[in-house]
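Participant: Sharing a structure below in structure tokens format, with a few things to ask.
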Amino acid sequence: MPIVLSETDADGVVTITLNDPETRNAISGLPMIEALLAALDAAEADPASRVIVLTGAGSAFSSGGNIKAMSPGQGLVDDLPAQTRRNYKTGIQRLPLAMEALELPVIAAVNGPAIGAGCDLTLMCDIRIAGRAAKFAESFVRLGIIPGDGGAWLLPRAVGFAKASEMALTGDLVDADEALRIGLVSRVVDDAALLDEARAMARRIAAHSPHATRMTKRLLRQAWNNSLPAVLDMSAAMQAVAHHTDDYHAALARMVSGAARVNR
């Protein structure tokens, strides 16, 4: 079986599943990284794709690093520190950069533990929905290492600096209810309903103009790191494009027609 599964439904919802339950969907190895990047690239390139739902097979979303492959000479870790640094840059660090560059919105359907790099993978997504079995941990410190995949940038933007510091410095587990309370996820649902809920949200997004959806996502991402004048300038440029799409003209005609019927 492929290590990453991808399927697209009639609404343009692409479900990408990490499919290595034996390692609890560890993502530190190059085969998983390459397969996930390939699935994301394929979804982005397909004009039929509207939204991505990312989840894990089995009982975990992702355990993060594969502990068995963390000894020097295995996985990302080399006997030479300089080579380990290069391995991170050419390995797992490609994931946050790829997720940042995606124009398709990504919903994480967190079906179980999301630990270490697995937690950070959820943070790379635009929206996070948790099943009740979900647990999160920024647990690198427990192994005597640091978040090497961008977690120190991602986590404070989701939960604030103080809570991110608490999670990263203690390595403590956060359950689904606590994740909702601190803003790490936007909703918690029953485990059996998780994928249905994630896909239902994806379809609500997919129902809108794909041009507007992609530009809105891009604008939100860029707004994190830019001044208000820069964001306003970008907004004006994107809006100029949006006003000239067929989707805009069709939506405007529907609204004008509906308003005319109401006013009769």
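The values are calculated or read from the model by the stated rules, or taken from the named source; none is laboratory data. Model, not experiment: these values are computed from the prediction. Using ideal geometry, Cβ is built from the backbone for each residue, glycine included, and neighbour counts are taken over all protein chains shown.
One line per residue, one yes/no per condition, for (1) surrounded by 17 or more Cβ atoms within 10 Å (Cβ to Cβ); (2) touching a helix residue (DSSP H, G or I) at 6+ places or on another chain (Cβ under 7 Å); (3) over 21 Å from residue 102 (Cβ atoms):
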{"site": "142", "(1), (2), (3)": "no, no, yes"}
{"site": "154", "(1), (2), (3)": "yes, yes, no"}
{"site": "171", "(1), (2), (3)": "no, yes, yes"}
{"site": "197", "(1), (2), (3)": "yes, no, yes"}
{"site": "206", "(1), (2), (3)": "yes, no, no"}
{"site": "220", "(1), (2), (3)": "no, no, no"}
{"site": "224", "(1), (2), (3)": "no, yes, no"}
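Participant: So which residues in the range 20-47 are touching a Gly at 6+ places or on another chain (Cβ under 8 Å), at pLDDT 95 or above and over 14 Å from residue 118 (Cβ atoms), if there are any at all?
Facilitator: none
Participant: Now for a different question. When you scan the range 154-197, how many residues do you find that are in a helix (DSSP H, G or I), acidic (Asp, Glu) and touching a strand residue (DSSP E or B) at 6+ places or on another chain (Cβ under 7 Å)?
Facilitator: Counting residues in the range 154-197 that are in a helix (DSSP H, G or I), acidic (Asp, Glu) and touching a strand residue (DSSP E or B) at 6+ places or on another chain (Cβ under 7 Å) gives 3.
Participant: I'd like to check something: does the range 175-187 contain any residue that is surrounded by fewer than 22 Cβ atoms within 10 Å (Cβ to Cβ) and at pLDDT below 95?
Facilitator: no
Participant: Here is a further query. Every residue in the range 218-254 that is closer than 22 Å to residue 51 by Cβ and either assigned by TED's automatic domain parsing to the domain that holds residue 155 or of a type in the set (Asp, Glu) (or both), please.
Facilitator: 246, 247
Participant: Report, ordered by the first and then the second residue, all pairs with beta carbons closer than 6 Å, sequence separation of six or more or different chains, a first member in the range 241-254 that is at pLDDT 80 or above, and a second member that is surrounded by 11 or more Cβ atoms within 10 Å (Cβ to Cβ) and not in a helix (DSSP H, G or I).
Facilitator: That search, which allows pairs on different chains as well, returns 247/209.
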